[in-house]
Amino acid sequence: MKILIGTKNPHKAAEMLNILGDIPGIEFLTHREVAFPEVEETGRTLEENARLKALSIAKATGLPTLAEDSGLEVVALGGAPGVRSARFAGEGKDYQANNRKLLALLEGVEDRRARFRTVAALALPDGRVWLAEGVLAGETTRSPRGQGGFGYDPLFVPAGETTPLAELSPEEKNRLSHRRRALEGLRSRLLAVARGEILS
């Protein structure tokens, strides 16, 4: 069974493939093997965007599609940037611009509590969709640290850890990550699709 990873972000695609590993009966494909349209993230929540992306790409390609939407939710900012995490500094801005804006807004703020949240969606071309959520609690740093990862990884220290995600190896990050927790929540569905079972 071929299942499409519904993102054109090479960092996310690589991370998702690394997390999913080898699932018997499934060949994961990416945008490098299958062309699919860019889906505008018009949802007001991570759930809406994950569903929208997975379902739109599944219907466009005729392939079961696994997509996700993730956000950093900062307590002192009322949950922002949240669903706007990728576009926090404006459309077309890069990770560094987003990080700079976040640090500027948190300057002088003592409460650094935050969490990463991912909602993953598995969609079939017939319109059925399943969702799973993953959360990683922690706090933001006062300056970027580390060269690994992407997005807000240089600014986020998971609870129980002493270093930002950007200073962890890919294996260490994936062991902890919100994205892993969301994708693991869909593993039984993925296996059912691979076996050709009728899902309900």
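Applying the criterion of being touching a Gly at 6+ places or on another chain (Cβ under 9 Å) and not hydrophobic (A, V, I, L, M, F, W, C) to the residues of region 165-179, the residue that is farthest from GLU15 (Cα to Cα) is GLU167. The residue that is surrounded by the fewest Cβ atoms within 10 Å (Cβ to Cβ), among those in region 160-197 that are free of Cβ contacts under 8 Å to residues at least 24 places away in the same chain, small (Gly, Ala, Ser) and part of a helix (DSSP H, G or I), is SER188. Reported count of residues in region 125-136, each being surrounded by 15 or more Cβ atoms within 10 Å (Cβ to Cβ) and either of a type in the set (A, V, I, L, M, F, W, C) or assigned to a strand (DSSP E or B) (or both), is 7. When ILE23 is tested against the conditions (1) more than 24 Å from PHE150 (Cα to Cα); (2) touching a strand residue (DSSP E or B) at 6+ places or on another chain (Cβ under 7 Å), the lone failure is (2). Taking region 1-28 as the range and being over 15 Å from the mean Cα position of the chain (by Cα), free of Cβ contacts under 8 Å to residues at least 60 places away in the same chain and surrounded by fewer than 17 Cβ atoms within 10 Å (Cβ to Cβ) as the test, the residues that pass are GLY21, ASP22, GLU27. Selection within region 138-154: residues that are free of Cβ contacts under 8 Å to residues at least 40 places away in the same chain and in contact with a Gly (Cβ under 9 Å, 6 or more places away or on another chain). The member of this set that is nearest to LEU190 (Cα to Cα) is ASP153.
Filter region 85-121 for residues that are among the small types (Gly, Ala, Ser) and part of a loop (DSSP other than H, G, I, E, B); which is farthest from LYS53 (Cα to Cα)? This residue is GLY108. Please enumerate the residues belonging to region 2-38 that are in a loop (DSSP other than H, G, I, E, B), at pLDDT 90 or above, closer than 26 Å to LEU191 by Cβ and hydrophobic (A, V, I, L, M, F, W, C). ILE26, VAL34, PHE36 - these are the residues of region 2-38 that are in a loop (DSSP other than H, G, I, E, B), at pLDDT 90 or above, closer than 26 Å to LEU191 by Cβ and hydrophobic (A, V, I, L, M, F, W, C).
LEU52 fulfils the conditions (1) surrounded by fewer than 20 Cβ atoms within 10 Å (Cβ to Cβ); (2) part of a helix (DSSP H, G or I) except for a single criterion, (1).
The values are calculated or read from the model by the stated rules, or taken from the named source; none is laboratory data. Everything numeric here is computed off the predicted structure, so don't read it as measured data. Neighbour counts run over all protein chains shown; Cβ positions are idealised from the backbone, glycine included.
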